[in-house]
Amino acid sequence: MSAGDVTSGTSAPLGATVLPGGVNFSIFSKHAVMLELLLFDSENAAQPSRIIPLDAIKHRTHHYWHVFVPNLRPGQVYAYRAHGVFDPDRGSWFDPSKILLDPYGLAVVLPETYDRWAAARPGDNAAVAMKSVVADPNRYDWQGDLPLRRPFAESVIYELHVHGFTRHSSSGVPVEKRGTYAGLIEKIPYLKDLGITAVELLPIFQFDAQDCPPGKTNYWGYAPVSFFAPHQAYSSQTGSLAALDEFRDMVKALHRAGLEVILDVVFNHTAEGGRTGPTFSYRGLANDVYYILDKEKSRYADYTGCGNTLNANQSIVRRLIQDSLRYWVSQMHVDGFRFDLASILSRDEEGRPLANPPVLWDIESDPLLAGTKLIAEAWDAAGLYQVGSFIGDRWQEWNGRFRDDVRSFLRGDNGTVSAVATRILGSPDIYGHEEREAEQSINFVTCHDGFTLNDLVSYNHKHNEANGENNRDGSDNNLSWSCGAEGPADGPIVEAIRNRQVKNFFVLELLAAGTPMLLMGDEVRRTQRGNNNAYCQDSDISWLDWSLLKQHSDIHRFVKGLIGFRQRRDVVTEGAALSLNQLLHRARIEWHGVELNRPDWSDHSHSLAFTLRSLRARFLLHGILNAYWEPLSFELPPVPAEHQQEWRRCIDTSLDSPDDISPWESAPVVRPTTYLAQPRSMVLLARALEGNVSEVE
């Protein structure tokens, strides 16, 4: 094919678009003087089989370079080179020896000899570079599938890592599917049985697994190189487009099981890092557009702790972010997004926080995203903290204060009773002023970043030596308590306390007002052996060991029962239309201590009780929280003589399985006027106010 076979093409849409007779390519680069489109026979080809120069006269409209190439089909491997001024001290990084990914590319492939650092060293890196692949997203048969749009009031989120969920040899998944989208499909019955309603997947945008210390692997995936392409290594198939179909197969299968898919998205930085990092795409096309730079444009602003910061409120980047979100909803059918370090999206082009960040309002006001879940990690690595003040009218927020206050209370810290009471109520001190729904708070105790729940009750200190940084990485402020022995339990007493504490955490997390989020494997006490920063551990430190399901079947049963109890209580399922303040008003909450109506809010108090009324006034719940290290006798609200329904003990975390949690129909009756709550235990009693038992379910 000669150069004359190509035509000028069009500037829209961006990316590689399959059209009748060929493919249209379009890419943004404001200051380039020439671009080259490179076509490769495969991802392992050392050099392009064809180079198509794009000159500014024929192939440029405004700042967009474009060309139509006939006879190309999906699966074609391609990339770019950009020519222009190379002057890093002034923010210009054009280097025609570097292979550049298409920012709008829908698939990415890696050669067998991929080398991250070849993109940072002088010289041609074509043989070892990532490359884009032409794809036609309209060729997939969704068989009528659509996003589920389940309300937050019914949601229980489960944060998991696609690779780590099934990679372990104990998973029972066929070897060729372990650690893949297909492997996750195999475990859908487990997720469905547990009772969760949504999986929140750690980053699945194509990322650079070599963005980590030497000899390690970037396991978490917070190192994006593309905002449109699913991570290729999570596909069980080897074809250049296999990841697209396998990801969609996974989404379709999860939807058929009634489970939503939420993506953890990283729109705050890329894997290109700082000045010494590689040139993959954005740096080599429009460095001063895609990134926030200092005044001299010689260095990158770093509000992420990862070397660079995406310039999210620049118009080109705003469009990229919104186009990405729209693509994942319309073409990949995902149900929602959790925005990593979302507060960075509120910074302007000089890094200053904005009162009304355009990119966030773009996302919120987009009609195509109107039914999509939006969850913000409302802080960044430079100290901007916006929990309770994040912009917008419909964003949910990771509630870091819920995590910290619940951990402090159950550890036995002084001065925590008032705080934990507020967290149980959905954090009205943080969210009450907004007159929003109770589910605005995403309640979590653990997530990928930090200790697992097992390690939270097993270690006083982090143990990150395996990361190769002499245990300097990771937070030292974990609010953890080892229950008397650092690391694996050395006897039944310590183990019993840990088991009880794990159940206590789950009670507060799953029964508090808000939207609960669980961490993969906490329901079977998965351990990372004290590592609280396992970002570079693609090993059994991070993988879910499925043999724990048998070893800790009591905890699994308890969590499953708690989720079922939550989904049945009308405080949650019938309150979707109520604001948090309206819900609390209707609940008629009464606070108690060991004596009725005499709560102890003092700094030295470690216990609390409460009674609340269901929204339809059908039943009462009476909760007892004893974080003290001695048993305490709590007075119970009296049962009127004319009532036949008595208090039933639904939960007591001090009891062994199966007595620790019981469904209403089999929960034992409690007749005494007091209840002895054992040390470090949670108790929940329930009593019908009218009608029969079946009406309460």
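The values are calculated or read from the model by the stated rules, or taken from the named source; none is laboratory data. What you see is a predicted model, and the numbers here were worked out from it, not measured in a lab. Methodologically, a virtual Cβ is constructed for each residue, glycine included, from the backbone with ideal geometry; neighbour enumeration extends over all protein chains shown. With ligands, DNA and RNA removed, areas are computed over all heavy atoms of the protein, side chains included. Shrake-Rupley method; radii C 1.70, N 1.55, O 1.52, S 1.80 Å.
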Among 396-409, 288-301, what's the highest-first ranking by average C-beta atoms within 10 angstrom per residue? 396-409, 288-301
Between residue 418 and residue 142, the FRET efficiency computed from the C-beta separation at R0 = 51 Å comes out, to the nearest 0.05, as 0.55
Using a 1.4 angstrom probe on the protein heavy atoms only, could you order 282, 140 from most to least accessible area? 140, 282
Taking Cα pairs under 8 Å and at least six residues apart, what relative contact order does segment 520-564 come out at, in percent? 47
Multiply the residue gap between residue 433 and residue 602 by 0.36 nm, knock off their C-alpha separation, and tell me the result in nm, one decimal place. 58.2 nm
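For the chain, calculate the relative contact order in percent as a whole number, restricting contacts to Cα pairs under 8 Å that are 6 or more residues apart. Don't jump to the answer; show the numbers that get you there.
Numbers: 1623 pairs, mean separation 72.0, N = 697.
Result for the chain is 10 percent.
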To the nearest µm²/s, what D does Stokes-Einstein give for the chain at 37 °C and 0.692 mPa s, using the Kirkwood radius over alpha carbon pairs as Rh? 122
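Listed highest first by mean packing, meaning other Cβ atoms within 10 Å per residue, what order do 129-136, 477-484 come in? Write down the numbers at each step before the final one.
Working: 129-136: 26.2, 477-484: 17.6.
Descending packing order for the listed peptides: 129-136, 477-484.
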Rounded percent of accessible protein surface that carbon and sulfur make up, the chain, 1.4 Å probe: 50
Pull up all non-local amide H partners of residue 277: gap of 5 or more, or a different chain, and H-to-H distance under 5 Å with H placed in the peptide plane. none
Can you list the lysines whose alpha carbon sits under 24 Å from that of residue 297, skipping same-chain ones fewer than 8 residues off? 30, 98
Any trypsin sites (Lys or Arg not before Pro) in segment 145-196 that lie in a DSSP loop and have at most 13 other Cβ atoms within 10 Å would be 149
Coarse-grained scattering of segment 171-270 at q = 0.18, 0.24 Å⁻¹, given as base-10 log I(q)/I(0) from a Debye sum over alpha-carbon atoms: -0.91, -1.34
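Probe radius 1.4 Å, ligands and nucleic acids left out: which of 393, 5, 660 has the largest accessible area, and how do the rest follow? Please list the in-between numbers first.
Working: 393 105, 5 70, 660 0 Å².
Order by accessible area, largest first: 393, 5, 660.
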Rounded to whole Hz and in sequence order, give me ³J(HN,Hα) for segment 499-507 from the Karplus expression 6.51 cos²θ - 1.76 cosθ + 1.60, θ = phi - 60°, writing x for Gly and Pro. 4, 5, 5, 4, 5, 4, 4, 5, 4
Find how many whole Å separate the alpha carbon centroid of segment 45-122 from the alpha carbon centroid of segment 651-672. 64
What percent do you get for the relative contact order of segment 169-281 when only Cα pairs under 8 Å and 6+ apart count? 32
Please work out the C-alpha center-to-center distance from segment 625-641 to segment 224-294 and express it in whole Å. 52
In whole Hz, the Karplus estimates of ³J(HN,Hα) for segment 297-314 (6.51, -1.76, 1.60; θ = phi - 60°; x where Gly or Pro) are 6, 8, 9, 8, 5, 10, 9, 10, x, 10, x, 8, 9, 5, 8, 5, 9, 7
